[in-house]
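The values are calculated or read from the model by the stated rules, or taken from the named source; none is laboratory data. Source: prediction; values computed, not measured. Ligands, DNA and RNA are stripped out before the accessible areas are found, and what is left, the full protein with its side chains, is counted by its heavy atoms. Shrake-Rupley method; radii C 1.70, N 1.55, O 1.52, S 1.80 Å.
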Amino acid sequence: MENVTLNVKGMSCGHCVKSVEGSVGALEGVDQVKVDLQAGQVNLAFNSDKVTLDKIKEVIDEQGYDVV
């Protein structure tokens, strides 16, 4: 299990939190996803044998947010 914190720009409200947590949390291999809206961060726990960090970043990008 890997734990990663991503800095994400563009999140500003509760809808943003639900969008990111829902889409990333639906990926097979993601065990935990928690958005810290004030810090602009997404904290993740995932199994890198089942999902790549690049795939997670891609899903966040598809929701309209920028991983920096």
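For the chain, compute Rh as the Kirkwood radius over C-alpha pairs and then the Stokes-Einstein diffusion coefficient at 20 °C and 1.002 mPa s; write the answer in µm²/s, rounded to an integer. Mind dumping the intermediate values first?
On the way: Rh = 11.5 Å.
Diffusion coefficient, whole number: 186 µm²/s.
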Original post:
Per the helix-only calculation at 222 nm, which mean residue ellipticity applies to the chain, given -39500 (n - 2.57) for every DSSP H run of n ≥ 4 and division by its residues, nearest 500 deg cm²/dmol?
Top reply: -10000 deg cm²/dmol
Original post:
Which angle from 0 to 90°, rounded to the nearest 10, does the C-alpha axis of helix 53-62 make with the longest principal axis of the chain?
Top reply: 30
**OP:** Pop out the carbon and sulfur fraction of the accessible area of the chain as a percent, whole number, probe 1.4 Å.
**Re:** 41
**OP:** Quick one: what are the phi-derived ³J(HN,Hα) couplings along the stretch 36-42, Karplus 6.51/-1.76/1.60 with θ = phi - 60°, whole Hz, x for glycine and proline?
**Re:** 9, 4, 5, 7, x, 10, 10
